[in-house]
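The values are calculated or read from the model by the stated rules, or taken from the named source; none is laboratory data. Remember, predicted model here, so these are calculated numbers, not experimental data. Glycine gets a Cβ as well: all are built from the backbone with ideal geometry, and neighbour counts include every protein chain shown.
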Amino acid sequence: MRVLSTEKINEIRSSVDIVDIVSRYVTLTKKGKNYFGVCPFHEDSDPSMSVSPDKQIFSCFSCHTAGNVFTFVKEYEHVSFMEAVKIIADIAGIDVDIDTGNVKKVKNNDIYDIYDIGQKFYLNNINTQYGLKAREYLNQRGISDDLIKEFEIGLALKNTKALSNLLLKKDFNEKDLIDSGLIVKDERGFHDFFYDRIMFPLHDLNNKVIGYSGRIYYKSDSPKYVNSKEHVLFKKGEFVYNYSKAKNECRSKNTVIIMEGFMDVIRAYSVGITNVVATLGTAFTKEHANLIRRLANNIIICFDGDKAGAKATMACGDLLLSFGIIPKVVRLEENLDPDEYVLKYGKDKFLDKINNPISIMDFKLSFLKNDKDMTQTVDKAKYASEVIEQLNKIDDEILREITLKKLSQETDLDVEFLKDKLIKKDSKKEVVKKPLPKLNKYEKAQLGLLYYMLKSGEVIQMVKNRSINLPTKEYRLLEREIEYFYDNNNYINVADFLTDLDESMVPVVGQVLEQNLKDEYTNNLIIDYMNAIIEKNIDDEIDRLSKLIYAETDESKQAEMLKKIVELKGRRENNV
């Protein structure tokens with residue numbers, strides 16, 4: 001692997017516009033000089049992320065995540081820094097020789113390695129004579145050999161020690177083997193958790209196998225599916241099936257379809273629908289929502305067609321609405337799930353469903369009306385109240401208006417009467433920056449000085465000439481990093497500076513940038529900042545010496561400290 005120079009990396013960074021790159025992932029709105037969008041790095045329904053085309057950086061004034069274009073792609077895509085560089089280089093059309101397979105630094109490598117060996121073992125099994133019946137079963141279920149290969153479906157053998165014997169020879173730590181969930185240890189010794197089952201692998205965001213769902217395929221006296229137990233790498237409430245495989249297609253189509261089970265996803269692929277993910281049948285969580293909203297602006301919920309699926313759709317829709325996302329819904333007849341629907345009604349009818357989803361409010365109207373007798377006044381009133389409650393979760397004025405007219409027709413209530421029951425929404429919702437925490441004058445001075453150091457070599461030189469020592473540790477470390485960058489490069493550019501900055505310092509930069517001070521500064525302003533910091537240093541030293549005096553028993557040393565305190569107070573008064 002060839003190591004890229006800092007100059008080459010910065011050339012790649014400057015070859016793209018951060019606004020263009022971030023816009024591939026997040027919808028941005030121009031406000032003044034900057035662009036704003038919903039921050040994808042924390043639970044955010046109001047636009048709290050600012051993207052500066054002038055500085056070529058982004059920063060969130062809520063969670064303090066900040067950085068340049070590499071930082072954004074790295075955090076969004078869950079890849080290493082060098083992989084982010086490669087992604088940007090590819091977008092820019094710059095050919096770089098980066099072996100991204102060797103640049104990852106991943107925690108829990110041993111457990112990843114255990115799963116890697118397990119996956120190779122299961123894949124090999126299904127392609128031998130032992131896998132003949134399993135492949136026949138899958139083919140009969142409409143899962144072709146191409147789909148078997150696409151989804152890396154494997155086979156656990158009947159031998160309950162087949163995999164454990166293989167892994168034990170690899171000198172893995174016994175605890176890691178057990179923690180992985182693939183190996184069990186009991187009175188019988190070590191043995192496989194999965195055996196005699198078709199193995200559907202579960203991949204993480206980086207396409208690494210971290211779990212399985214194992215299915216029986218020729219007997220009926222066992223549970224149909226056995227799933228991996230949760231472990232350090234696999235949390236169901238945070239896991240989205242097919243994420244890594246589907247992300248490019250979702251972004252290309254700007255639409256993601258959410259299903260419940262992995263068989264639904266595989267079946268969707270069989271009819272050409274590849275912008276699809278699944279939650280593995282677990283309750284939809286905030287973690288799911290945070291991941292899925294990164295894939296596309298348009299979200300379609302296509303859960304199972306039974307009552308449980310309807311309730312899950314309602315809950316999923318409400319959670320997405322809380323993130324400011326208005327999803328659409330596909331409902332399937334006869335209580336069928338997507339897998340069953342395609343097998344029964346075929347490709348064309350299913351595609352028609354997917355291509356013509358209903359609005360979330362049309363679904364909610366149907367759902368809320370389902371258990372009510374609309375000829376009864378009490379039920380009709382309850383229905384109207386529940387619909388109004390749901391409408392209050394939505395900002396889209398057009399959707400609210402259309403739904404109100406439908407509700408009026410269904411309940412014989414006047415539209416204006418119903419409209420009065422709604423919570424008024426601001427149709428022109430402005431990006432309002434959340435108020436910054438109150439800072440004392442010394443904190444303001446430190447942040448202000450750092451802000452202008454990130455903009456001007458002249459300010460950096462002024463700070464160095466007076467040997468300014470910032471009293472707050474994290475600010476002091478950032479000051480030294482800025483000076484180091486300037487000394488080595490003879491210029492300062494915040495986007496380039498962020499390329500080599502340690503990740504732990506990025507939130508501090510975010511805190512500095514969110515001060516959003518004027519671009520222009522005067523020498524007097526910088527001097528005022530420095531004088532305030534010197535004043536703080538003097539006060540801190542006076543406090544330190546005052547405490548030492550009380551603890552000191554030697555009168556001569558006490559006298560020396562008192563003399564020093566008097567000198568410091570004199571310096572403070574003269575503001576030297």
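Worth a mention:
- Contacts under 9 angstrom Cβ, first residue in the stretch 453-468 being surrounded by fewer than 20 Cβ atoms within 10 Å (Cβ to Cβ), partner of a type in the set (Lys, Arg), 6 or more apart: 455/55
- Residue match in the stretch 238-251 (condition: outside the structural domain of residue 122 (by TED's automatic domain parsing), at pLDDT 95 or above, surrounded by fewer than 21 Cβ atoms within 10 Å (Cβ to Cβ) and among the hydroxyl-bearing types (Ser, Thr, Tyr)): no
- The number of residues in the stretch 331-352 that are out of contact with any Ser or Thr (no Cβ under 9 Å at 6 or more places or on another chain), crowded, with 19+ Cβ neighbours inside 10 Å and of a type outside the set (Phe, Trp, Tyr) comes to 4.
- Subset of the stretch 252-304 that is within 23 Å of residue 91 (Cα to Cα) and hydrophobic (A, V, I, L, M, F, W, C) - its residue that is surrounded by the fewest Cβ atoms within 10 Å (Cβ to Cβ): 291
- Conditions (1) in contact (Cβ under 8 Å) with a residue 60 or more places away in the chain; (2) outside the structural domain of residue 257 (by TED's automatic domain parsing); (3) touching a helix residue (DSSP H, G or I) at 6+ places or on another chain (Cβ under 7 Å); number of the one not met by residue 383: (1)
- Within the stretch 66-101, being outside any helix (DSSP H, G or I) and touching a helix residue (DSSP H, G or I) at 6+ places or on another chain (Cβ under 6 Å) holds for 66, 67, 68, 94, 96, 98.
- Among the residues making up the stretch 290-323, those that are of a type in the set (Gly, Ala, Ser) and more than 21 Å from residue 275 (Cβ to Cβ) are 308, 310, 315, 322.
- One residue stands out among those in the stretch 333-380 that are in a loop (DSSP other than H, G, I, E, B) and under 32 Å from the mean Cα position of the chain (by Cα): the one that is farthest from residue 301 (Cα to Cα), which is 336.
- Filtered residues of the stretch 1-48 (kept if within 15 Å of residue 71 (Cα to Cα), at pLDDT 90 or above and either part of a strand (DSSP E or B) or in contact with a Gly (Cβ under 8 Å, 6 or more places away or on another chain) (or both)): 22
- Scanning the stretch 269-279 for residues that are touching a strand residue (DSSP E or B) at 6+ places or on another chain (Cβ under 9 Å) and closer than 28 Å to residue 23 by Cβ returns 273, 275, 276, 277, 278, 279.
- Only listed residue being more than 22 Å from residue 74 (Cα to Cα), in a helix (DSSP H, G or I), modelled with pLDDT of 90 or more and outside the structural domain of residue 74 (by TED's automatic domain parsing), chosen from 482, 492: 482
- Taken together, the criteria place residue 300 among residues that are within 22 Å of the chain's Cα centre (by Cα), over 21 Å from residue 151 (Cα atoms) and assigned to a strand (DSSP E or B).
- Entirely in the stretch 207-261, the strands (runs of 3 or more DSSP E) that have 2 or more residues that are under 22 Å from residue 326 (Cα atoms): 255-259
- When residue 319 is tested against (1) of a type in the set (A, V, I, L, M); (2) within 19 Å of residue 395 (Cβ to Cβ); (3) not in a helix (DSSP H, G or I), just one condition goes unmet, and that condition is (3).
Conditions tested, residue by residue: (1) within 25 Å of the chain's Cα centre (by Cα); (2) farther than 23 Å from residue 497 by Cα.
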{"residue": "5", "(1), (2)": "no, no"}
{"residue": "9", "(1), (2)": "yes, no"}
{"residue": "15", "(1), (2)": "no, no"}
{"residue": "20", "(1), (2)": "yes, no"}
{"residue": "23", "(1), (2)": "yes, no"}
{"residue": "43", "(1), (2)": "yes, yes"}
{"residue": "49", "(1), (2)": "yes, no"}
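- For the stretch 538-570, a residue qualifies if it is surrounded by 10 or more Cβ atoms within 10 Å (Cβ to Cβ) and either polar (S, T, N, Q) or not assigned by TED's automatic domain parsing to the domain that holds residue 472 (or both), and the qualifying residues are 546, 558.
- Residue in the stretch 533-550 that is part of a loop (DSSP other than H, G, I, E, B) and modelled with pLDDT of 85 or more present: no
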